[in-house]
């Protein structure tokens, strides 16, 4: 018997690169093209632009030749993202997960056997994300897409919630920083607020409205 699962690949609340860097694990049955050792400082390209520090951190963290090849020019194309997701999907499929759908809000939906332990499914997702390169490439692509200039996350999320009218007009970046970790927001209406929060997560600047 199969059940539908929604899994968050990344969270924008309290966005921190280090929070998304997972331990590198070699998964049997999934392709892994890693070389020995992490990238040294003198082997790392000199990235430029608003997301340069994040590209540098991800490049140095990983020992994946595939991830290095994608990140080396300081940009991630739609074609490179598609290849990354194909690698991720293949890995998940080998675990028995089906009907895998990537959502704009940073989540992933798929069907999995009800016999699977939820903790094991979480581990499989993390491992496949790391090995496929999705942990680095998918995250960076999403961050850049929704916030091209790397503006302060707390500020743009607070502004978005105010703009949607689900919190008081006085709601500030510092308020969001306090409320974000526990996802305990002072919404005027919980249902409307949660919907607005998901929309802001996916598009805080209103770039795709």
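The values are calculated or read from the model by the stated rules, or taken from the named source; none is laboratory data. Nothing here was measured: the structure is a model prediction, and the numbers come from that model. Heads up, the Cβs are rebuilt from the backbone with ideal geometry, glycines too, and the neighbour counts pull from every protein chain shown.
Some values worked out for this structure:
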quantity	calculated
So residue 88, is it in a helix (DSSP H, G or I), surrounded by 15 or more Cβ atoms within 10 Å (Cβ to Cβ) and touching a residue at least 24 places away in the same chain (Cβ under 8 Å)	yes
Elements of type helices (runs of 4 or more DSSP H) in segment 102-209, at least 2 residues being touching a strand residue (DSSP E or B) at 6+ places or on another chain (Cβ under 7 Å) and in the same structural domain as residue 86 (by TED's automatic domain parsing)	118-132
Residue in segment 176-191 that is surrounded by 16 or more Cβ atoms within 10 Å (Cβ to Cβ) and closer than 30 Å to residue 92 by Cβ present	yes
Residue match in segment 88-102 (condition: at pLDDT below 90 and within 14 Å of residue 135 (Cα to Cα))	yes
Those residues of segment 69-85 which are surrounded by 15 or more Cβ atoms within 10 Å (Cβ to Cβ) and in a loop (DSSP other than H, G, I, E, B), in sequence order	74, 75, 76
